[in-house]
Each structure stands twice: as C-alpha cells, then as structure tokens.
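First the structure, then my questions, so here it is.
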Amino acid sequence: MASFENILVEHDGPIATITVNRPKSLNALNSTTLRELTQAVREHAEQARAIILTGAGDKAFVAGADISEMKPMTPWSAREFSELGHVVTALLEDLPCATIAAVNGYALGGGLELAVACDMIFASENARFGLPEVTLGVTPGFGGTQRLVRLVGKLRAKEMIFTGDMIDAKRALEIGLINGIHPRESLLAHCKTVAQKIATRGPLAISRAKRLVERGYDMALRAANRQEAETFALLFDTEDRREGMAAFLEKRPPKFQGK
Ligand code: CAA
C-alpha cells in the first residue's frame, strides 16, 4: 500500500477510513490530494466492504477545491483539474463496496461534490453544506450541478448553486441531502456501526444493489426493472444466496463469502 502526503488511511477489519488531511487549509482538494484519494480508494476497492471518507480536524470535511492552486489555472489546466475530481467521484459510485461520507464540518464546493458521490452521508451538528463556486466566478466542477439535482431536486439545487449560500445540517436533512445528524464526538462511531452492519450482509448482493441503483438512475423504468429482475435471478446461482436462505431457516447468522 502506498503512503500519502495528504491522505490518512486506517483499517478496521473490513472497514477502511480515508481521511483528507490538510487541516490548515480546511482539507481543500489540490491535485495531489485528488490523485491520492483516487489511489487510496482504488487500493481498497477489492478488500474493503465499506469505505468511510472524512476530513481531519474539527472544522471541515473538505472546504472545496484548493483556491490557491486554481487561481493561476488556464482553461486547459482547469479542465484537467476538473477531470481529476470527476475520476474520483465516478470511482466512488462504481466501487463494489459501500461508501459513507462522515461530514464533520464544512462540505463546500468540491467537498460537497465528494460527499454526494458517496452512497450515504452522515453529518455532525456543526456541518455546513454549500456550492459557493459562483462567488468565485465559476460553476461547480466535480459533478455538483448533476449529483446535487438528483438528490434534492432542481429547485433546491439551483437555489444552492445560484446563491452560493451554505445550509446547516438540519436543513440538509430536511431536503434529503444527508441521511442523519450526529454529535461530532460520535459521528465516526456511528458511520463505523453502519459500515460494520453492511459488512455482515451479502457482498455480492450489496455490490449488485449499488450497481442497480446507480445505473438504473439514468435508464427508463422498464429497462431498469428488467435489469433488476436479471440481477435477482443471477444471484440465485451464488453460494451467498444459498447460505443466506439456509441460515435464515436454520435460525443462525449467515457466513457470506462473496461467492
Ligand atoms: N482552498 C484553499 N484554501 C482554503 C480553502 C479552499 N477551498 N478553504 C479554506 N482555505 C484556507 C484559508 O485560505 C485559510 O488559510 P490561511 O490560514 O493560510 O489564511 C484557512 O484555510 C482557514 O480558512 P479561513 O481562515 O477562511 O477560515 P474561516 O473559519 O474564517 O472560514 C470558510 C471558513 C467559510 C470555509 C472559508 O474558509 C471559505 O469560504 N473557504 C472557501 C470555500 C469555497 O469557496 N469552496 C469552493 C471552492 S471552488 C470549488 O470547489 C470548485 C469545484 O467545484 C471543483
């Protein structure tokens, strides 16, 4: 496993916790950090059953893309920078394991875009969410105009994107942007509990369910439902399915092997 400059990785059985570690700049994403994040996520794609993403320190998850790195960029280098963000966010959606964002403070711009590419978002009471790119004269660049709309709808997304205003955790929960709010001290523990629970479920079932949700979103309902029926049927030919159903009937916990 590689060692990183701006990323910390901690393993706890089937759970990997990846922390963006640039607290002096509120964990802003520069290109090195984006590349390291991509590499860390890739390295854990196979073995981890769940990946938790969070930010170092007690102020920020990620306060956005790094504005000092962006300031001198030309359109071409900005395009390349944007691609780095798109690579890691698409990767999070494509991974077979579950991803959970533990938002422990500001999740702004690229930070919010990173969070909304995860499967679930839990936030601390002090979390703040926003897409302030227009205050800098640009649009969101890591998928914010697309993923936020899909989560909270056009009206709410446009309000956030056009004003650049932040919303607090309570409002984020109200509009369906996050799964839940937890005290800052217990946020990570809560995310680990959810991750541990997911790790006890059928791995093939989780990865296929994730793929169905992600791919189905862009498909017509009939075609997406057909894909679901096919996946459901295919899983009947797996050890995990036999084990899961036998364990239920024998009144014992299942031992899934991802086969
Ligand atoms: N990039 C670079 N540095 C950043 C940063 C960012 N996104 N956010 C914060 N920092 C730095 C500050 O410059 C400051 O550094 P110094 O101590 O060297 O001055 C340090 O982090 C602490 O920040 P503040 O002093 O500003 O802290 P605060 O508590 O007063 O304010 C804040 C906190 C409201 C989050 C404020 O820092 C802020 O507004 N940050 C910028 C947020 C932003 O605009 N994010 C979007 C970036 S654009 C983007 O993400 C594009 C995209 O979609 C790809």
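Filter segment 139-167 for residues that are in contact (Cβ under 8 Å) with a residue 40 or more places away in the chain and within 13 Å of the ligand (Cβ to nearest atom); which is farthest from Val213 (Cα to Cα)?
Going through the qualifying residues, I end up with Met166.
Of all residues being more than 9 Å from the ligand (Cβ to nearest atom) and open to solvent by less than 90 Å² (accessible area, probe 1.4 Å) in segment 68-77, which is farthest from the chain's Cα centre (by Cα)? Just the residue, please.
Thr74
Can you name every residue in segment 100-113 that is more than 11 Å from the ligand (Cβ to nearest atom) and open to solvent by 10 Å² or more (accessible area, probe 1.4 Å)?
Hit for segment 100-113 is Asn104, nothing else.
Check Pro132 against each of (1) more than 10 Å from the ligand (Cβ to nearest atom); (2) more than 13 Å from the chain's Cα centre (by Cα) and name the one condition it does not meet.
With respect to (1) more than 10 Å from the ligand (Cβ to nearest atom); (2) more than 13 Å from the chain's Cα centre (by Cα), Pro132 is out only on (1).
Return a yes/no flag: does segment 65-83 have any residue that is closer than 26 Å to Leu204 by Cα and assigned by TED's automatic domain parsing to the domain that holds Leu173.
First, the residues of segment 65-83 that are closer than 26 Å to Leu204 by Cα: none.
No, every residue in segment 65-83 fails to be closer than 26 Å to Leu204 by Cα and assigned by TED's automatic domain parsing to the domain that holds Leu173.
Being in contact (Cβ under 8 Å) with a residue 40 or more places away in the chain, open to solvent by 60 Å² or more (accessible area, probe 1.4 Å) and out of contact with any Gly (no Cβ under 8 Å at 6 or more places or on another chain) is the filter here; which residues of segment 81-99 pass it?
Scanning segment 81-99 gives Val87, Asp94, Pro96.
Of all residues in segment 114-129, which are of a type in the set (A, V, I, L, M, F, W, C) and within 10 Å of the ligand (Cβ to nearest atom)?
Leu114
For segment 228-239, check the following and say yes or no: at least one residue is open to solvent by 90 Å² or more (accessible area, probe 1.4 Å) and assigned by TED's automatic domain parsing to the domain that holds Leu108.
no
Taking the condition of being in contact with a Pro (Cβ under 8 Å, 6 or more places away or on another chain) and closer than 16 Å to Ala102 by Cβ, how many residues in segment 36-54 meet it?
Counting residues in segment 36-54 that are in contact with a Pro (Cβ under 8 Å, 6 or more places away or on another chain) and closer than 16 Å to Ala102 by Cβ gives 2.
With the checklist (1) within 30 Å of Arg79 (Cβ to Cβ); (2) exposed (fewer than 12 other Cβ atoms within 10 Å of the Cβ); (3) not assigned by TED's automatic domain parsing to the domain that holds Leu114 in hand, flag the one item Arg215 doesn't pass.
(2)
Another question, if that's okay. Working only within segment 174-183, note down all residues that are open to solvent by 70 Å² or more (accessible area, probe 1.4 Å) and in contact (Cβ under 8 Å) with a residue 24 or more places away in the chain.
Hit for segment 174-183 is Asn179, nothing else.
Then there is this: Checking Thr33 against (1) touching a residue at least 40 places away in the same chain (Cβ under 8 Å); (2) in contact with a strand residue (DSSP E or B) (Cβ under 8 Å, 6 or more places away or on another chain); (3) among the polar types (S, T, N, Q), which test does it fail?
(1)
The values are calculated or read from the model by the stated rules, or taken from the named source; none is laboratory data. Everything numeric in this text was worked out from a predicted model, so none of it was measured. Neighbour counts are summed over all protein chains in view; Cβ atoms, including those assigned to glycine, are modelled from backbone coordinates with ideal geometry. These accessible areas exclude ligands, DNA and RNA; they are computed on the full protein's heavy atoms, side chains included. Shrake-Rupley method; radii C 1.70, N 1.55, O 1.52, S 1.80 Å.
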